[in-house]
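The values are calculated or read from the model by the stated rules, or taken from the named source; none is laboratory data. Quick caveat: nothing in here was measured; it's all calculated off a predicted structure. So basically every Cβ, Gly included, is an ideal-geometry build from the backbone, and we count neighbours across all protein chains shown.
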Amino acid sequence: MEPLTPDMLLAAYANGYFPMALEHDDPELYWFNPAERGVLPLERFNIPRGLKRVLKNHRFTLTVDTAFETVVRACGTLTKDRQETWINEEIVRLYTGLFEIGHAHAVEVWQEETLVGGLYGVSLGGAFFGESMFSRVPEASKIALVTLVEILREAGYLLLDTQYVNEHLKQFGVEAWRKQRYMTKLEKALSASPNPSSFFSTVSVRKGLASASSARCT
């Protein structure tokens, strides 16, 4: 079978599909298009009260797109709290390829020189497809998510897709959308003009999270 390419992956996202491995050591990928889709409405994104206090006093350093592959691999690392993962080497290859052409981004959270949390996802038009996040210290991934939402709002994105609804995301106001509603919103987001994806890196640089030399345009 012909190997998947980043362009094939983008075409799949534009049609409501995303790939996952069943296990980290399974070389195969499988396509998913769930009947209900997790969506975080950007205009109603909720920051829990406790996290608001953390945001005022945290000592983390946040960056964008400085350690993309490291973030992906950290999201797929098995730990005592994460006994399984859908991120295999093919996922790492494909999404690193998307990053190299400006269609994937990562938000990184650091304590001094140590990466302690982050997330990554796919950017296409006015839609951002959140893929995975990780946290090695309390609140790190949550702070990454808040930072991502700030960037998406400022850049003019219309859709933040979380794939599924889970307990972690419920505190932020995630909603389960039926497929028809999701596809209608996705179509609108993909045709947004001007293209919000072209502003992701610009906003990141303006917020001091990325350097101009590392900015990627789509």
Checklist outcome for this item: So the helices (runs of 4 or more DSSP H) completely within the stretch 99-218 holding 3 or more residues that are closer than 20 Å to VAL72 by Cα and touching a Leu at 6+ places or on another chain (Cβ under 9 Å) are 140-155
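Residues are listed down the side, and each one gets a yes or a no for (1) under 23 Å from ILE91 (Cα atoms); (2) under 19 Å from the mean Cα position of the chain (by Cα):
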position	(1), (2)
PRO19	yes, yes
PRO27	yes, no
TRP31	yes, yes
PRO41	no, yes
ARG44	no, yes
LEU51	no, no
LYS56	no, no
THR66	yes, yes
VAL71	yes, yes
Item to check | In the stretch 136-148, the residues that are more than 14 Å from the chain's Cα centre (by Cα) and either farther than 17 Å from LEU51 by Cβ or surrounded by fewer than 21 Cβ atoms within 10 Å (Cβ to Cβ) (or both) | outcome: ARG136, VAL137, PRO138, GLU139
Item to check | Which listed residue is out of contact with any helix residue (DSSP H, G or I) (no Cβ under 8 Å at 6 or more places or on another chain), over 26 Å from ALA127 (Cβ atoms) and either without any contact (Cβ under 8 Å) to a residue 12 or more places away in the chain or not in a strand (DSSP E or B) (or both), from ARG53, ARG93 | outcome: ARG53
Next on the checklist: Looking at the structure I just gave you, is GLY118 in contact with a Cys (Cβ under 9 Å, 6 or more places away or on another chain), in contact (Cβ under 8 Å) with a residue 24 or more places away in the chain and over 23 Å from GLY16 (Cβ atoms)?
Outcome noted: yes
Next on the checklist: If ALA35 meets every condition in (1) aliphatic (A, V, I, L, M); (2) modelled with pLDDT of 95 or more; (3) surrounded by 12 or more Cβ atoms within 10 Å (Cβ to Cβ) apart from one, which number is that one?
Outcome noted: (3)
Checklist entry - THR70 versus (1) among the β-branched types (Val, Ile, Thr); (2) closer than 24 Å to PRO3 by Cα; (3) buried (at least 16 other Cβ atoms within 10 Å of the Cβ): which is the lone unmet condition? => result (3)
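Of all the residues that make up the stretch 60-90, how many are in a loop (DSSP other than H, G, I, E, B) and either in contact with a strand residue (DSSP E or B) (Cβ under 8 Å, 6 or more places away or on another chain) or free of Cβ contacts under 8 Å to residues at least 60 places away in the same chain (or both)?
Here is the first cut: in the stretch 60-90, the residues in a loop (DSSP other than H, G, I, E, B) are 60, 65-67, 76-88.
Those left that are additionally either in contact with a strand residue (DSSP E or B) (Cβ under 8 Å, 6 or more places away or on another chain) or free of Cβ contacts under 8 Å to residues at least 60 places away in the same chain (or both): 60, 65-67, 76-83, 86-87.
Residues that pass the stated criteria total 14.
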